[in-house]
């Protein structure tokens, strides 16, 4: 008797989620369609998961795989190779899906053969599965910049499209959604459904709460994609410093963590891989002398800045453009310019690279370093305060707020020479670490920085927070 091939393969990845995994499995068993198979892969759990999963062994639509811990993307590829369905979807063991999830997402792929990937809105739930908020994504039929990836989990992918891009990249141990997304949008169309179809659990053990690991992996993913698209980029880094000769309050030589403030930014720039040349531009001879003495063996040069460009009422773009034009007189042209301000000392070299890599991957005019702003904001409309987000339990992606953080700006040189601002035109963003966001704007922030600095290991210039 010929075995009937299912349309959909769902796979659950589990590592030590004995508290939640049964809920995830049962949410698949309760789907409104029966045209699916379920592969449960236990990735080396050491808790009671094994016994819980064994209870499903005799289910005719369930396959169990127990393995030593291999990591997320290796496990994704194991599921990809085992899958018999035309459509593939991962479900994390601590999340669960709505009864209509599979039939709704598969319906989009059935009706629209040009679509290779479909994803939905979702709910945030707490450890006990209680609703916290609904998250509504953009309407992607109206989105022109695809820089907001779908979740790696609960996204349904046409398996034939995965065949084309070669499955998951096992060089990365997390952020599989970002890697797949960047490779996917080069070849196929994507679609979202503005219905909440999965429940994303917020708890202390979530992988996505390990921000440092996620951001580091994301930077590696973008670096790999950018290198594949443009291997010979020329990038000028400009570090403008006013100096005490024009501003007695200038702080570039103030000591922080055992070295002058200016050196934090220069050392981070030296740790970046994308920068062709680093220029410190200042009207202050003492600043330039320090740079020449301290960094004479490195690709750092000092450039005398006209005092008229160092005024408080002068646009920083004038200084950056002046530097670009003067340096280009004696070198090959540059594609991009990265501007760094010294008041944000705790950058990582990889974050500076991200500015250029994001700009390259999405062919943008400029990029800016940011942090997502999750606090509540109000506006005064004349009759009192009104919250910017009007519905507390509904988060709209189009209303998300970001603040500049880290003072990293990357700009196409052609745009800058046409009179654009550093952040102008088609603007992209990248999220930096919370420590990178610290900016020395007050005595209080200096005290915090001095307290934090001993715990930040700079090593070869890449900050390890």
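The values are calculated or read from the model by the stated rules, or taken from the named source; none is laboratory data. This is a predicted model, so every value here is computed, not measured. A quick note on method: Cβ atoms are made from the backbone with ideal geometry, for glycine too, and the neighbour counts reach across all protein chains shown.
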Sort out which residues of the range 10-55 are outside any loop (DSSP other than H, G, I, E, B), out of contact with any helix residue (DSSP H, G or I) (no Cβ under 6 Å at 6 or more places or on another chain) and surrounded by fewer than 19 Cβ atoms within 10 Å (Cβ to Cβ), and write them in order of number.
23, 26, 29, 50, 51, 54
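Hey, does the range 375-396 have a residue that's crowded, with 17+ Cβ neighbours inside 10 Å and modelled with pLDDT under 95?
Taking the range 375-396 and keeping what is crowded, with 17+ Cβ neighbours inside 10 Å, we get 395.
Then keep just the ones that are modelled with pLDDT under 95; that gives 395.
Scanning the range 375-396, I find at least one residue that is crowded, with 17+ Cβ neighbours inside 10 Å and modelled with pLDDT under 95, so the answer is yes.
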May I ask you to say which residue of 64, 88, 102 is within 23 Å of residue 188 (Cα to Cα), touching a helix residue (DSSP H, G or I) at 6+ places or on another chain (Cβ under 9 Å), part of a strand (DSSP E or B) and at pLDDT 95 or above?
88
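So, residue 302, is that one over 19 Å from residue 354 (Cβ atoms), without any contact (Cβ under 8 Å) to a residue 24 or more places away in the chain and touching a strand residue (DSSP E or B) at 6+ places or on another chain (Cβ under 9 Å) or not? Please lay out each step first, then the result.
Values: over 19 Å from residue 354 (Cβ atoms): yes; without any contact (Cβ under 8 Å) to a residue 24 or more places away in the chain: yes; touching a strand residue (DSSP E or B) at 6+ places or on another chain (Cβ under 9 Å): yes.
Spelling it out, residue 302 is indeed over 19 Å from residue 354 (Cβ atoms), without any contact (Cβ under 8 Å) to a residue 24 or more places away in the chain and touching a strand residue (DSSP E or B) at 6+ places or on another chain (Cβ under 9 Å).
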Failed criterion for residue 107 (all others in (1) closer than 22 Å to residue 28 by Cα; (2) touching a residue at least 60 places away in the same chain (Cβ under 8 Å) hold)
(2)
